[in-house]
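The block underneath contains the structure these notes are about, expressed in structure tokens.
The values are calculated or read from the model by the stated rules, or taken from the named source; none is laboratory data. Remember, it's a predicted structure, so these values are computed and weren't measured experimentally. Counting neighbours? That spans all protein chains shown, and the Cβs are built from the backbone with ideal geometry, glycine included.
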Amino acid sequence: MATKSKVNDTYYESIVKQGYSRRDFMKFATYITAYMGLESTMVGQVAKSLETTHRLPVIWEHFQECTCCSESFIRSDHPIVSDIILDKISLDYTLTLMAASGHQAEAAKHATMEKYKGEYILCVEGSIPMGDDGNYCCIGGRSAKDILIEAAAGAKAIIAWGSCASNGCVQAASPNPTNATPIHKIIKNKPIIRVPGCPPIGEVMAGVIVHVVAFGRLPELDRLGRPKAFYAKRVHDSCYRRPYYDAGLFAQTFDDKNAKDGYCLYKLGCKGPMTYNSCGTIKWNNGVSYPIQSGHGCIGCSEENFWDNGPFYKKMAKVPGLHEEGLADDIGKVGAGILAGGLAVHAIAANISKRKELTSRIKRGRENEKNIDS
Amino acid sequence: MDKTRNFKRVYVWELPVRIFHWLNVLALFVLIITGFLIANPPALLSSAEATNLHTFGIVRFIHFTAAYLFFFVMILRIYWAFVGNRFASWRAFWPFTKKNWNNFGHVMKIDILLMNEKVEDVTKISIGHNSVATLSYLIMFVLAIIQVITGFGLYADMSSWWLPKMFDWVVPFFGGDFLVRNIHHTVMWLFIFFSMVHVYLVFYHDWLEGRGEVSSIFGGYKFVADERLKHAQDEVEIKGDNEIVASK
């Protein structure tokens, strides 16, 4: 896709050099095509792209994060993902996995940024603390904000890995002491793919990056900048326990018979009905399981503000703008009680204040009654 | 002792207004009940297989059906605000007039703070809605729109029909289902509060004024004193002995 990057091997060349067979490569192309939500007829096109596209330079920045995104990525289903896609593309710069360190590492990054200006992909893991001039997160003596703005300037596109970079995640939870800010609120002039999740599913990450490198453009995004292939559906809509929900069969506690029978965890605070992700279809750890399958409700980790949206283990709506205690039903019940009391008081007060009018009307009514011809 | 007033029947609420009112009551009632069930469903004690049950699905279906009803009667009411009589007209709800705020102050003093007038000023009695009522209905209209937007927003993803699909911008606009759902649930409580105050005030007026406030939403007629009608040439039109309607 890039003219200047012809010095790099193509993806296929890298894969073969790594010792994989053509057969392994085709398997990988098939599997990643399926994950990207493309038709099987597209396998050839994906394989062709990987054969002819030269390796894309990638800078992978780590800011306020826990590295669970990287961990998730290297545990992705197919070994080629970690061996080639991560290993090779991230050679340019990634704090966690690169061999170089210190000034060497920074020098390598700057070399990439200059050589491939306007061509490299910037992957960002973690949020940016904007409070106190960004002093809460400094790498090599520079604030995360400075590093991000510098790296974003020459990037072709930015991938915001995980909930930190996409939504702020736990650091941005109230009261957000460091003023942790997601990438899209800082960088406005670059295409940004948001891949939320804490962490995002490894296959989703692989799918996004293969889409970018294989087709040279961003995958189709929804209005929030998330790839539609992975974030178009709620976890609830693809949940294998959905029939229990529709039937009205719910687990009441984590150790009751209903929970053992695998009933819906809605009443235990499962956030699947409000969470857009592909956990129900792609699952985790090579498709072994996902939280709901393991008997724990979804906590909605790929949704904005999921830390501040009510308790994890209760199904409760929160009054927007209020803190943890602001549960709508509690406030509503108290409010309705006070209101009913107020109306009763008003009714009594009305009868006292307007007694003249009332008694006079009742008298007149009685008079009239006497005069009725029956 | 005062003489008993002579009251005349005035046709205030036309049939579409009354239909709107009662369908709206029905829809709200069903929406609130099923809404609470959806928010916090009772666990069924059933040994039936999930395949053979669709209980919660039916509750949700009723909620969505009532939501469509709520939405469509709202459209009917908006239409009627343009073709209905002066008491149903959007002009009656327009809050930015001096007359409206004068009446607002009067109703606040007499009916909310329960003060008494030394001499009753009959011209201050509203034939249709009073200004506090119109303002509250205006607020409820805005809240209803919020409920329609958030409700259909949450529903849009499950539907393939263009009407709910028109609301598929809602969830991204608020950043996710969480906030949309919380708004939807919180505003529902405001409907409950409104209903309580609304029903109370209707009884209050009926009890203190004896003008048929309660029955007017069934039959459409309110009773207006002769003294008041003398000042109402621009509001009502006397068509016959027993027929007084809103003037054009």
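Numbers below:
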quantity	calculated
Some residue of segment A:336-354 being more than 22 Å from B:I192 (Cβ to Cβ), touching a Ser or Thr at 6+ places or on another chain (Cβ under 9 Å) and among the charged types (D, E, K, R)	no
All positions within segment A:239-285 that are part of a strand (DSSP E or B) and closer than 30 Å to A:G37 by Cα	A:C264, A:Y276, A:W284
Residue match in segment A:284-291 (condition: at the interface with chain B (Cβ under 9 Å from one of its Cβ atoms) and either over 30 Å from A:E119 (Cα atoms) or crowded, with 24+ Cβ neighbours inside 10 Å (or both))	no
Residue identified as closer than 22 Å to A:P57 by Cα and at pLDDT below 90 among A:H184, A:H211	A:H211
Any hit, segment A:303-312, residues being more than 10 Å from chain B (Cβ to nearest Cβ) and not in a helix (DSSP H, G or I)	yes
Only one of B:F152, B:F167 that is part of a loop (DSSP other than H, G, I, E, B) and either away from chain A (no Cβ under 12 Å) or more than 28 Å from B:K98 (Cα to Cα) (or both)	B:F167
One residue from B:V236, B:V245 being touching a Ser or Thr at 6+ places or on another chain (Cβ under 7 Å), surrounded by 15 or more Cβ atoms within 10 Å (Cβ to Cβ) and either of a type in the set (A, V, I, L, M) or modelled with pLDDT under 80 (or both)	B:V236
Residue identified as closer than 30 Å to A:T275 by Cβ, facing another protein chain (nearest Cβ under 9 Å) and of a type outside the set (D, E, K, R) among B:V180, B:V197, B:V187	B:V180
Where A:W161 falls short, out of the listed (1) without any contact (Cβ under 8 Å) to a residue 24 or more places away in the chain; (2) buried (at least 21 other Cβ atoms within 10 Å of the Cβ)	(1)
Options B:I139, B:I146: the member that is of a type in the set (A, V, I, L, M), touching a His at 6+ places or on another chain (Cβ under 9 Å) and more than 9 Å from chain A (Cβ to nearest Cβ)	B:I146
Candidate set from segment B:39-61 (those that are more than 7 Å from chain A (Cβ to nearest Cβ) and closer than 30 Å to A:K318 by Cβ); member that is surrounded by the most Cβ atoms within 10 Å (Cβ to Cβ)	B:R60
Which numbered condition B:R211 fails, given (1) of a type outside the set (V, I, T); (2) surrounded by fewer than 17 Cβ atoms within 10 Å (Cβ to Cβ); (3) assigned to a loop (DSSP other than H, G, I, E, B); (4) within 14 Å of chain A (Cβ to nearest Cβ)	(2)
Residue ID - surrounded by the most Cβ atoms within 10 Å (Cβ to Cβ), chosen from residues in segment A:124-135 that are at pLDDT 90 or above and part of a loop (DSSP other than H, G, I, E, B)	A:G126
Residues satisfying the stated conditions in segment B:231-248, i.e. closer than 21 Å to B:D121 by Cβ, of a type outside the set (A, V, I, L, M, F, W, C) and either in contact with a strand residue (DSSP E or B) (Cβ under 9 Å, 6 or more places away or on another chain) or free of Cβ contacts under 8 Å to residues at least 60 places away in the same chain (or both)	B:Q233, B:D234, B:E235
Unique match (being modelled with pLDDT of 85 or more, surrounded by 13 or more Cβ atoms within 10 Å (Cβ to Cβ) and farther than 16 Å from A:G269 by Cα) among A:G332, A:G300	A:G332
Of residues in segment A:337-374 being surrounded by 15 or more Cβ atoms within 10 Å (Cβ to Cβ) and within 54 Å of the chain's Cα centre (by Cα), the one farthest from the other protein chains (Cβ to nearest Cβ)	A:H346
Test: residue in segment B:71-83 that is at pLDDT below 85, surrounded by fewer than 19 Cβ atoms within 10 Å (Cβ to Cβ) and over 22 Å from B:D226 (Cα atoms)	no
Any chance A:A232 is small (G, A, S), over 15 Å from A:W161 (Cβ atoms), surrounded by fewer than 20 Cβ atoms within 10 Å (Cβ to Cβ) and within 22 Å of the chain's Cα centre (by Cα)	yes
Check on A:V208, outside any strand (DSSP E or B), assigned by TED's automatic domain parsing to the domain that holds A:C69, without any contact (Cβ under 8 Å) to a residue 60 or more places away in the chain and surrounded by 23 or more Cβ atoms within 10 Å (Cβ to Cβ)	yes
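Quick grid of which residues meet (1) among the β-branched types (V, I, T); (2) more than 30 Å from B:W169 (Cβ to Cβ); (3) touching a Pro at 6+ places or on another chain (Cβ under 9 Å):
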{"residue": "B:L76", "(1), (2), (3)": "no, no, yes"}
{"residue": "B:W80", "(1), (2), (3)": "no, no, yes"}
{"residue": "B:W101", "(1), (2), (3)": "no, yes, yes"}
{"residue": "B:H129", "(1), (2), (3)": "no, yes, no"}
{"residue": "B:Y137", "(1), (2), (3)": "no, no, no"}
